[in-house]
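The values are calculated or read from the model by the stated rules, or taken from the named source; none is laboratory data. Note that the structure is predicted; figures quoted are calculated from it, not measured. Note that each Cβ is placed from the backbone with ideal geometry, even for glycine, and that neighbours are counted across all protein chains shown.
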Amino acid sequence: MSVTIPSDLLTTPEWQERLDSLAKKHSVPGVQVGLIALDSAGDVDLRVLTTGVTSLATGVEVTPETIFQYGSITKIWTTTLIMQLVDEGKLTLDTLVVDVLPDFNIANSEYSGLITVRHLLTHTSGIDGDLFTDTGYGDDCVEKYVASLSTATSITEPGGQLSYCNSGFTVAGRIIEVLRGQAWDDVLVDYLYEPLGLSHVITRTKDAPLFRAAVGHLASADPASGEEVVPTKEWVLVRSMGPAGVITGTVEDLLMFASAHMRDGLGLNGKRILSEESARLMRTPQFDLSTVSTVDKAWGLGWVLSDWGTAMAVRHGGATIGQIASLHTFPEVNVAMSVLTNSRGGYLLAKELETAIGAELGLTYPKPFDEGTGEDFDSSGLLGTYESTTTRIELTRREDGQLLLAASSKVDISGEPDQAPLQAHLLSNSRFVADPEGSATEFQHLVIDGVEFLYGGRLYSKVAA
C-alpha cells in the first residue's frame, strides 16, 4: 500500500509561510524539511522545503544543499553496517562482544562477557552509557573510547530493562572497524554513501568547510539582549562518539537512506545495501515498551516503533550541540519525512510540522494516554531525586499538589543552560509527562529488584535523601 502526497504539500507559498512562522515562533534560525513517497512502479516523489540561515553570526541562507547534524539518527546507519556483517555471516546478533573485542571490559566486570551485539543495538547492554569521552581526532579514537569504558558502570544486568545507551553504539562501531579493517567513517563511505549515491553527507569535521554547514544555537545567557538563541562555539560532538551520533548531511540524503530501508534494503538507484530479511528485522519489535510508554510501542534494532493510527512509524531522532533532527518512516505506506533544525526549539517545531504533515497523509501524531483528570492521582510515590551518569532529576510537590520536575546536568554535553523547574502532568499514579520542548516524553516510575527508577527513555536510579 502507498499514499499519494497531496500536490500542494510543502510546495505552496502557504506551506513556506507556515514553515517561516514556526521557525520564528520557536526561535529556530534554520530548517530543512523533507518528504518522500515511493510507489510500486518505482516512481519517487521527493520534496524539500527550507527556511532561515545556517548561523545568526553569518546570515548564510539555508538551502536544500545545507548539511545539518543527524545526531542519534546515526545509530540507524551504524546498525545497518552491523546487519551487513550479519548478512555476510561475519557475526550474529547473539555474538558476544568479547568474541570480537577480547579486551572489552566495563567496571562491572562480571557483565563484560555477557553483553551481545543484540544488547548493543537494543539499548539493553545495561551500561549507564551517556559517556562523551574525548579520545582525540585520530582514526584510533573509537578504539581508545572503547578501552576507556573499563570505568563505565552498569545500571542493570545485560538483557534487562532498556535504557538508552550512546556508549553501546560506539562499541558496535568498534566491532565494525575490527571486522572491516577500516575506520568506521571509511566503512560508511564504502558500504553506504557510495552504494546509495549520497553526495552531501560527512562524519569528519575537516570536510565541513566543503559544504554549506548549519551551526547549532543555544539558549542565550542574556535574554535581555533581544537574542533568544546564539550560535554555539563548538560545532560537533567529540569524534569518538561517531557511531552514536556525528553523521551530518542534507535532508535529501537522509531520506534516500531511509528509502532503502522502506524498500527492504534496496536503494533508489537499484543497489542493495541489506538483505530483505535484515531490513525487516531491524524494524521488528525486539523490546516491548508497552509497560513504560503509551506512545512508543517497541524498540527494533536501532529503530523506535510508534503507532500513528493508520500506520506504524519506524523512527529515530537526534540531538547534538544546538541541533535537533527527526526522521519518521512509514514502510506500510511507503512515506518518510524528516525535519532538520539548528536550535533546541526544533523539538517543538518538528512536532507541529510533523503533526500537520501527518494530518495531510491520514496519519495521527501520537499522544501519551491520560488515565484520568490529574486530580485522581497521588504523586507521593514519585517524589525524590533520580540520577544517571550525566543527569540529575528532582521531583518535588508544591503545596497546591503540583508536581515539579527539575533536571540538571552533572556533565555538560550540549552547552545548554539548565532550565527552570517544569510543571509535570500526571497521567497515572506512576506515570507523568513533562513536555517543555514538545517531545512528549513519558516518565514511568519502576521498581527493579527492589531498586526505584524513573524511566524516560533512559533509566535514572533513585538516590538516598
(message) Considering only residues that are surrounded by fewer than 20 Cβ atoms within 10 Å (Cβ to Cβ) and hydroxyl-bearing (Ser, Thr, Tyr), which ones fall in the stretch 192-202?
(response) Ser199
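Listed here are the residues, each with its yes/no results for (1) within 23 Å of Asp94 (Cβ to Cβ); (2) of a type outside the set (Lys, Arg).
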residue	(1), (2)
Glu252	no, yes
Leu255	no, yes
Ala258	no, yes
Met262	no, yes
Leu268	no, yes
Lys271	no, no
Leu274	yes, yes
Ala279	yes, yes
Gln286	yes, yes
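Among the candidates Gln84, Gln69, single out the residue that is within 30 Å of Val33 (Cβ to Cβ), within 20 Å of the chain's Cα centre (by Cα) and modelled with pLDDT of 95 or more.
So the residue among Gln84, Gln69 that is within 30 Å of Val33 (Cβ to Cβ), within 20 Å of the chain's Cα centre (by Cα) and modelled with pLDDT of 95 or more is Gln69.
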(request) Check Asp99, Asp128, Asp134, Asp94 and return the single one that is in the same structural domain as Glu157 (by TED's automatic domain parsing), without any contact (Cβ under 8 Å) to a residue 40 or more places away in the chain and within 25 Å of the chain's Cα centre (by Cα). (result) Asp94
(request) Check Glu194 against each of (1) in a loop (DSSP other than H, G, I, E, B); (2) more than 24 Å from Ala23 (Cα to Cα) and name the one condition it does not meet. (result) (1)
(request) May I ask you to verify whether Leu268 is over 24 Å from Val48 (Cβ atoms) and in a loop (DSSP other than H, G, I, E, B)? (result) no
(request) Pull up the stretch 271-299, narrow it to residues that are among the small types (Gly, Ala, Ser) and either buried (at least 20 other Cβ atoms within 10 Å of the Cβ) or modelled with pLDDT of 95 or more (or both), then point me to the one that is farthest from Tyr455 (Cα to Cα). (result) Ser275
(message) One residue is enough: does the stretch 175-183 have a residue meeting the conditions more than 30 Å from Phe453 (Cα to Cα), in contact with a helix residue (DSSP H, G or I) (Cβ under 9 Å, 6 or more places away or on another chain), among the aliphatic types (A, V, I, L, M) and in a loop (DSSP other than H, G, I, E, B)?
(response) yes
(message) Which count do you get for residues in the stretch 250-308 that are of a type in the set (A, V, I, L, M), in contact with a Gly (Cβ under 7 Å, 6 or more places away or on another chain) and farther than 30 Å from Ala208 by Cβ?
(response) 1
(message) Out of the helices (runs of 4 or more DSSP H) lying entirely within the stretch 36-134, which hold 3 or more residues that are surrounded by 17 or more Cβ atoms within 10 Å (Cβ to Cβ)?
(response) 74-87, 117-121
(request) Could you tell me whether any residue of the stretch 248-261 is assigned to a loop (DSSP other than H, G, I, E, B), in the same structural domain as Thr79 (by TED's automatic domain parsing) and either buried (at least 22 other Cβ atoms within 10 Å of the Cβ) or of a type in the set (A, V, I, L, M, F, W, C) (or both)? (result) yes
(request) Considering only residues that are among the small types (Gly, Ala, Ser) and modelled with pLDDT of 95 or more, look in the stretch 330-345 and name the one that is nearest to Val48 (Cα to Cα). (result) Ser338
(request) Give the residues of the stretch 203-247 that are outside any loop (DSSP other than H, G, I, E, B), surrounded by fewer than 17 Cβ atoms within 10 Å (Cβ to Cβ) and either among the hydroxyl-bearing types (Ser, Thr, Tyr) or outside the structural domain of Tyr137 (by TED's automatic domain parsing) (or both), sorted by residue number. (result) Thr205, Ser225
(request) Go through the stretch 290-304 and give me each residue that's in a loop (DSSP other than H, G, I, E, B) and over 20 Å from Glu352 (Cα atoms). (result) Ser290, Thr291, Val292, Ser293, Gly300, Leu301, Gly302, Trp303
